[in-house]
Amino acid sequence: MTVHPTDADNIQAQSNPSEQAGALAAVDTGTSKEANAANISDNRHGAATTARQWQVLSQLQRNRWVGTTHIYEQLMMAGFDISLRTVQRDLNALAKRFPIEKNNANPQGWRWKEDAPLQSLPHMNLSQAVAFNMVEANLTQLLPPVILDELFPWFDLARRQLKNSKVTHSWIDRVRIEPATQPLIAPDIDLDSKDNIYHALFYQLQIHACYTRSNKLQASEYILNPIAIIQRGVIIYLLATRTDDPEAIIRTFALHRFDSVEILETAAKTPENFQLDTYLDEGSMGFSHPLFGELDERGKNTAVELRFTRQAGKSLTESKLNDDQTVTLNEDNTLTVKATVNLTSQLVWWLRGFGSGLLDAKPELLYQAVLDKSSTAISE
């Protein structure tokens with residue numbers, strides 16, 4: 001895979017690609033050929049010049065002018081101790097060998113020419129390094145091996161780019177993603193099973209799986225049609241249909257319950273008109289609840305009325321259950337919240353978290369589910 005973080009990282013010099021590094025090192029920051037020769041003979045100075053000029057090129061884009069001052073500031077953040085005048089000399093010299101151009105604006109801007117050919121350069125600027133670092137920290141669990149294998153060199157490049165950069169302390173060390181619920185340790189997943197599931201999903205192939213359901217002690221064998229991967233909290237789920245199910249019901253399978261997975265050569269079948277966003281919007285990953293089985297569509301899109309103490313319900317005046325939510329302050333200083341939601345186990349667990357702060361709930365079946373803590377969710 002060719003990664004194109006920005007247009008600047010994709011521009012090839014008009015000279016032969018194998019000569020690019022030499023061309024950068026030979027670009028003069030002054031005016032005379034004698035100065036060039038001196039720079040090249042000094043390997044240490046030449047390497048620093050090449051690194052700096054490579055960084056200058058990496059800041060440029062194809063369809064947008066980038067100011068000289070912005071380039072200078074980015075180089076200073078990357079640890080280059082230089083002057084604005086040095087950047088200006090670099091750009092003027094680089095324009096002699098690379099397909100870049102300047103405008104006549106004040107302050108002056110630079111960009112790659114529209115007809116500049118493309119080629120991925122082994123470099124990334126600080127903004128791209130931050131993005132790759134955050135992807136590695138937060139999304140690697142959801143990426144298939146075929147993509148991860150190609151991204152690992154870029155993750156490594158991002159780490160090296162940020163290692164000595166001031167941006168490491170100004171952004172990376174100041175940003176975190178914290179769960180809204182009690183943090184839990186993720187269960188162990190059989191890595192071979194996970195890799196095979198992701199591979200099969202990526203290439204839309206069926207799998208033969210040995211899977212232990214939550215209410216069983218022994219594993220069962222299924223042939224599954226992988227549909228999607230969803231992470232909910234620390235648990236990763238596979239959405240799939242079973243080939244032995246004539247109704248092709250979409251089921252959830254927790255990845256840590258797979259004992260083994262074999263990739264088959266037969267193509268997986270996705271239910272007609274399936275849309276993952278629609279599936280999630282309908283509350284399907286909230287898991288059905290046994291008490292709601294008697295309701296139409298198992299309680300989807302149900303009007304609920306919740307009564308809280310004023311303190312307990314305060315958060316719902318800022319974060320809504322749904323766009324149609326209304327909040328009423330009652331004469332007895334309680335809050336009544338009305339909204340249309342899906343009746344799921346997730347909703348029940350959430351309401352239980354209010355404890356005595358939840359005073360009542362309608363429909364009655366919902367309040368019964370909140371009070372009846374012996375009821376459990378239905379899942380594979």
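The values are calculated or read from the model by the stated rules, or taken from the named source; none is laboratory data. Predicted model, so just to flag it, every value in this text is computed and none were measured. FYI the Cβ positions are ideal-geometry reconstructions off the backbone, even for glycines, and counts take in every protein chain you see.
For the stretch 335-356, residues that are over 12 Å from A312 (Cα atoms), of a type in the set (A, V, I, L, M, F, W, C) and crowded, with 18+ Cβ neighbours inside 10 Å total 5.
Among the residues of this structure, Q108 does not count as one that is outside the structural domain of Y72 (by TED's automatic domain parsing) and modelled with pLDDT of 80 or more. Please tell me if T69 is closer than 20 Å to L157 by Cα and either buried (at least 18 other Cβ atoms within 10 Å of the Cβ) or modelled with pLDDT of 85 or more (or both). So T69 fails the test. Residues in the stretch 69-119 that are within 32 Å of the chain's Cα centre (by Cα) and assigned to a helix (DSSP H, G or I): 9 in all.
Checked against (1) within 30 Å of Q231 (Cβ to Cβ); (2) at pLDDT 85 or above; (3) of a type outside the set (K, R), F155 passes all but a single condition, namely (2). Have a look at A228, A219, A200 and point out the one that is modelled with pLDDT of 90 or more and closer than 17 Å to D149 by Cα. A200 is the lone residue from the list that is modelled with pLDDT of 90 or more and closer than 17 Å to D149 by Cα. Quick check, is N225 without any contact (Cβ under 8 Å) to a residue 60 or more places away in the chain, over 17 Å from T140 (Cβ atoms) and surrounded by 17 or more Cβ atoms within 10 Å (Cβ to Cβ)? So N225 fits the description; yes. Within the stretch 68-98, the set of residues being touching a residue at least 40 places away in the same chain (Cβ under 8 Å) and in contact with a helix residue (DSSP H, G or I) (Cβ under 9 Å, 6 or more places away or on another chain) comprises T68, Q74, M77, A78, T86, D90, A93, L94, R97, F98.
Give the residue, chosen from T317, T334, that is more than 24 Å from L280 (Cβ to Cβ) and at pLDDT below 90.
T317
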